[in-house]
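First up is the structure itself, then whatever we jot down about it.
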Amino acid sequence: MNEAPENKDTPTSIQEDIQRLKEFANWMDNRFTIPGTSIRFGLDSLIGLIPGIGDTVTLTSTAYLIGKANKHKLPWHVKLTMIWNAFIDWLIGLIPFIGDIFDIGWKANQRNVALIEKHIEKDTQSSQNHSE
């Protein structure tokens with residue numbers, strides 16, 4: 001009888017996941033530059049320009065990141081911080097013009113990926129220290 005193999009994350013698969021999350025956050029928050037400036041923005045800012053629904057649509061990126069946080073078993077308080085980052089992005093993003101400027105600086109997706117990466121690195125170091 002064939003048993004399904006356990007789905008264990010290897011250090012390589014974890015690093016690949018983090019890299020994909022960083023690329024995703026880059027597209028959402030930093031992919032483009034305003035010509036003649038060093039100001040960077042992403043799809044989150046562009047979609048957020050659609051009055052009323054743009055910022056709500058971009059909340060789906062948080063759902064994706066929360067799913068990855070669940071996959072890597074991040075604690076509830078880290079996920080709550082991620083939700084808070086997205087909520088602030090959404091709430092202030094609803095204010096015309098001011099919300100769009102805020103969105104360029106807040107970069108909720110990058111904040112959330114940094115939280116995931118920090119926690120995974122901490123867990124990886126902790127498990128390495130326990131195995132020595």
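In nm, what is the difference between 0.36 nm times the number of residues separating residue 98 and residue 114 and their Cα-Cα distance?
On the way: separation 16, 0.36 × 16 = 5.76 nm, distance 2.50 nm.
Additional length available on full extension: 3.3 nm.
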What does the charge count near residue 74 come to, summing +1 for each Lys or Arg and -1 for each Asp or Glu among other residues with Cβ under 11 Å from its Cβ?
-> +4
Place +1 on the Cβ of every Lys and Arg and -1 on the Cβ of every Asp and Glu in the chain, take the dipole about the Cα centre, and give the residue among 106, 81, 28 whose Cα lies farthest towards its positive end.
-> 106
Whole-Hz Karplus ³J(HN,Hα) for region 20-29, in order, using 6.51 cos²θ - 1.76 cosθ + 1.60 and θ = phi - 60°, x for Gly and Pro?
-> 4, 5, 5, 5, 4, 5, 4, 4, 6, 10
Are there trypsin sites (Lys or Arg not before Pro) in region 46-132 that DSSP puts in a loop and that have at most 12 other Cβ atoms within 10 Å, and which ones?
-> 73
Highest-fluctuation residue, 63, 25, 86 considered, GNM on the chain with Cα pairs under 10 Å | 63
Hey, in the GNM for the chain with a 10 angstrom Cα cutoff, which one of 96, 75, 35 fluctuates hardest?
-> 35
So which lysines can residue 107 reach, going by Cα to Cα under 19 Å and dropping same-chain residues fewer than 8 places off?
-> 22, 68, 79, 118
Quick one: putting +1 on the C-beta of Lys and Arg, -1 on the C-beta of Asp and Glu, what dipole do you get for the chain around its Cα centre, in Debye to the nearest 20?
-> 160 debye
Counting only the heavy atoms of the protein chains, how much of residue 84 is accessible to a 1.4 Å probe, in Å² to the nearest 10?
-> 140 Å²
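Determine the calculated [θ] at 222 nm for the chain from helices alone, applying -39500 (n - 2.57) to every DSSP H run no shorter than 4 residues and normalising by the residue count; nearest 500 deg cm²/dmol. Don't skip to the end; give the middle numbers.
On the way: 7 runs with 93 residues, N = 132.
So the helix-based figure for the chain works out to -22500 deg cm²/dmol.
Do me a favour and compute the ellipsoid semi-axes for region 9-109 from its Cα gyration tensor, root of five times each eigenvalue, largest one first, whole Å. If you can, show how the numbers build up before the last one.
Working: eigenvalues 129, 57, 19 Å².
Output for region 9-109: semi-axes of 25, 17, 10 Å.
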Over region 60-132, how many percent of alpha carbon pairs lie in each 5 Å bin up to the one with the longest distance?
-> 3, 16, 24, 19, 13, 10, 7, 4, 2, 1, 0
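The values are calculated or read from the model by the stated rules, or taken from the named source; none is laboratory data. This structure is a prediction, so every number in the text was calculated from the model and none was measured. Reconstructed Cβ throughout: ideal geometry from the backbone, glycine too, with neighbour counts over all protein chains shown. Only protein heavy atoms, including side chains, enter the accessible area calculation; ligands, DNA and RNA are left aside. Shrake-Rupley method; radii C 1.70, N 1.55, O 1.52, S 1.80 Å.
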